[in-house]
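The values are calculated or read from the model by the stated rules, or taken from the named source; none is laboratory data. The model shown is predicted, which means the values in this text are computed figures rather than measured ones. Neighbour counts are summed over all protein chains in view; Cβ atoms, including those assigned to glycine, are modelled from backbone coordinates with ideal geometry. Side chains included, ligands, DNA and RNA excluded: accessible areas come from the protein's heavy atoms. Shrake-Rupley method; radii C 1.70, N 1.55, O 1.52, S 1.80 Å.
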Amino acid sequence: MNAAKPASGHPDNAPLAAPAAVSFGEAFRFWLRLGFISFGGPAGQIAIMHTELVERRRWISEKRFLHALNYCMLLPGPEAQQLATYIGWLMHRTWGGIVAGALFVLPSLFILIALSWIYVRFGDVPVVAGIFHGIKPAVTALVLHAAHRIGGRALKNGWMWSIAAAAFVAIFAFDVPFPVIIGAAALIGYLGSHLAPTVFSPGGGHEATQARLGPALIDDDTPTPAHARFSRGHLARLLVTGLGIWLAAMGVLVVAFGLDGALTRMAWFFSKAALLTFGGAYAVLPYVYQGAVEQHQWLTAPQMIDGLALGETTPGPLIMVVAFVGFVGGWGAEVLGPQAPFLGGVLAATIVTFFTFLPSFVFILAGGPLVEATHGRLGFTAPLSAVTAAVVGVILNLALFFGWHVLWPQGFNGRFDVLSAVIAGAAVVALFRYRIGVIPLLGACAALGLVVTLLR
């Protein structure tokens, strides 16, 4: 389909007709392409979808796009992937949502498997080591910048600052588990919606242009399709189906590898992690670290930083770093035996990805209409506002943790890494002062680390 030009570019400002109906095949090709170009984190991915779907193709109107985005912001999980799932579901029912959401993730999974293999196979080669030596400090700066960016939106008053500070102290000084912090923040927000509603009122969301682009295929006044209307029976069927798929997959793992098998424990752990991703991938990374590094020891802290660097440089949701965690964990645990470390890593990465994203599909396909019915109610949004504030403190703790491992790789009793400190400082300036993009930043830092390593 040839996309119509925006209204502003139409000769004589003649009214535009709504786009023709979009076939499932055409939508499939678009979602596949989107999976390979979705760089830039959630903000960049949402901007790409807005440009393509609202402005260029006019498959959905500005108002309906933002309406869907608001729903996804209220759910745990990667909002950009959920937004793609939602729009695909709205256009082509359940299979449309499954295809849109899956194609948003699969290219990143394949790329990360390849990069993870290169990492574990050749990570000690000077060229690869030099590249990661430059990337690690940049990742520390990116996490710090994420805390600043989210804090700018979430910390609107003294109460929100207090919640963020309490969350930081709780995890930094007392090692309180991440789910406990999130649960306490949500309870504070719920109580606050009744005791101090103005404190917890949600602020503005993503900025959007108000220019009239012409009628869209799903326009402001387009009736909600029957499959997207709330129905208790439909909700129950989809919840049972989603739970059934999860139980069946978990049952296969238990039978094949046992309750204590590494793959079974990965599936259980990342199922829980998927329910805690309020505030984006940076928010759940401390929980993933606590479980994957400290509790299960699937990988080391430096490897976790390297995995986040790989996740930053590939398309798809940043939470896809879990595929790296799975690959490295499956490789090291030899889940398919010592003769097949690569296949074991691939299987672990695939299982981790499946269990991480399954809840997101269930939330959209089953809960989308329900969330729509409750959207705008303070009792529903206030807990999320408090959780987002707590997430700021948790991410700040993560930035300090990464900085410690990058600047003192052998611990405080070891040497201070001057090169890493210089790269981290330059990355902070580039992000905060010059607003450089993630990919150029990581590319420049990787090149610097490589050059210095080869010159030594």
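If the Cβ limit is 8 Å and pairs must be 6+ apart or interchain, which residue in segment 417-430 that is part of a helix (DSSP H, G or I) pairs with which residue that is β-branched (Val, Ile, Thr)?
419/452; 420/406; 424/140; 424/406; 427/140; 430/436
Can you find, within segment 158-184, the residue that is farthest from residue 47 (Cα to Cα) among those that are open to solvent by less than 70 Å² (accessible area, probe 1.4 Å) and modelled with pLDDT under 90?
Result: 176.
Which residue out of 113, 131, 135 is open to solvent by less than 50 Å² (accessible area, probe 1.4 Å), modelled with pLDDT under 90 and assigned to a helix (DSSP H, G or I)? Walk me through it before giving the result.
Working: 113 fails: modelled with pLDDT under 90; 131 fails: open to solvent by less than 50 Å² (accessible area, probe 1.4 Å).
Sole residue among the options that is open to solvent by less than 50 Å² (accessible area, probe 1.4 Å), modelled with pLDDT under 90 and assigned to a helix (DSSP H, G or I): 135.
Need the failing condition index for residue 121 against (1) open to solvent by 20 Å² or more (accessible area, probe 1.4 Å); (2) in contact (Cβ under 8 Å) with a residue 24 or more places away in the chain, just the number.
Only one criterion in (1) open to solvent by 20 Å² or more (accessible area, probe 1.4 Å); (2) in contact (Cβ under 8 Å) with a residue 24 or more places away in the chain is unmet by residue 121, namely (2).
Of the residues that make up segment 392-413, is at least one open to solvent by less than 40 Å² (accessible area, probe 1.4 Å), at pLDDT below 85, part of a helix (DSSP H, G or I) and touching a Phe, Trp or Tyr at 6+ places or on another chain (Cβ under 6 Å)?
Yes, some residue in segment 392-413 is open to solvent by less than 40 Å² (accessible area, probe 1.4 Å), at pLDDT below 85, part of a helix (DSSP H, G or I) and touching a Phe, Trp or Tyr at 6+ places or on another chain (Cβ under 6 Å).
Would segment 75-98 turn up any residue that is outside any helix (DSSP H, G or I), among the hydrophobic types (A, V, I, L, M, F, W, C), at pLDDT below 70 and out of contact with any Cys (no Cβ under 8 Å at 6 or more places or on another chain)? Explain how you work it out, then say what you get.
First, pick out the residues of segment 75-98 that are outside any helix (DSSP H, G or I): 75-78.
Subsequent filtering for residues that are among the hydrophobic types (A, V, I, L, M, F, W, C) retains 75.
Filter once more, so that each one left must be at pLDDT below 70: none.
The answer is no; no qualifying residue exists.
Any idea which residue in segment 76-100 is farthest from residue 182 (Cα to Cα), counting only those that are touching a Phe, Trp or Tyr at 6+ places or on another chain (Cβ under 6 Å) and surrounded by 21 or more Cβ atoms within 10 Å (Cβ to Cβ)?
Applying the filter and picking the extreme gives 96.
May I ask you to say which residue of 253, 235, 259 is over 18 Å from residue 356 (Cβ atoms), touching a residue at least 60 places away in the same chain (Cβ under 8 Å) and of a type in the set (A, V, I, L, M)? Spell out how you get there, then give the answer.
Working: 253 fails: over 18 Å from residue 356 (Cβ atoms); 259 fails: touching a residue at least 60 places away in the same chain (Cβ under 8 Å).
Sole residue among the options that is over 18 Å from residue 356 (Cβ atoms), touching a residue at least 60 places away in the same chain (Cβ under 8 Å) and of a type in the set (A, V, I, L, M): 235.
Output the residue which, of all residues in segment 339-349 that are crowded, with 16+ Cβ neighbours inside 10 Å and not hydrophobic (A, V, I, L, M, F, W, C), is farthest from residue 324 (Cα to Cα).
Looking only at segment 339-349, we keep the residues that are crowded, with 16+ Cβ neighbours inside 10 Å, and these are 341-342, 344-349.
Imposing the further condition that a residue be not hydrophobic (A, V, I, L, M, F, W, C) reduces the set to 341, 344-345.
Details: 341: 14, 344: 13, 345: 9 Å.
Only one residue fits best here, namely 341.
Out of 276, 253, which single residue is aliphatic (A, V, I, L, M), within 15 Å of the chain's Cα centre (by Cα) and open to solvent by 10 Å² or more (accessible area, probe 1.4 Å)?
On the way: 253 fails: within 15 Å of the chain's Cα centre (by Cα).
When all the criteria are applied, what remains is 276.
Does residue 335 meet the test of being modelled with pLDDT of 85 or more, open to solvent by less than 40 Å² (accessible area, probe 1.4 Å) and more than 20 Å from residue 273 (Cα to Cα)?
Values: modelled with pLDDT of 85 or more: yes; open to solvent by less than 40 Å² (accessible area, probe 1.4 Å): yes; more than 20 Å from residue 273 (Cα to Cα): yes.
Spelling it out, residue 335 is indeed modelled with pLDDT of 85 or more, open to solvent by less than 40 Å² (accessible area, probe 1.4 Å) and more than 20 Å from residue 273 (Cα to Cα).
Of the residues in segment 1-55, how many are outside any helix (DSSP H, G or I), within 30 Å of residue 431 (Cα to Cα) and modelled with pLDDT under 70? So that I can check it myself, show each step before the final result.
Our first condition is that a residue be outside any helix (DSSP H, G or I); within segment 1-55, this holds for 1-6, 10, 14-23, 38-40.
Still in the running and within 30 Å of residue 431 (Cα to Cα): 38-40.
Next cut, modelled with pLDDT under 70 only: 39-40.
Number satisfying all stated conditions: 2.
If residue 313 satisfies every condition in (1) open to solvent by 30 Å² or more (accessible area, probe 1.4 Å); (2) polar (S, T, N, Q); (3) within 27 Å of residue 387 (Cβ to Cβ); (4) under 21 Å from the mean Cα position of the chain (by Cα) but one, which is the exception?
(3)
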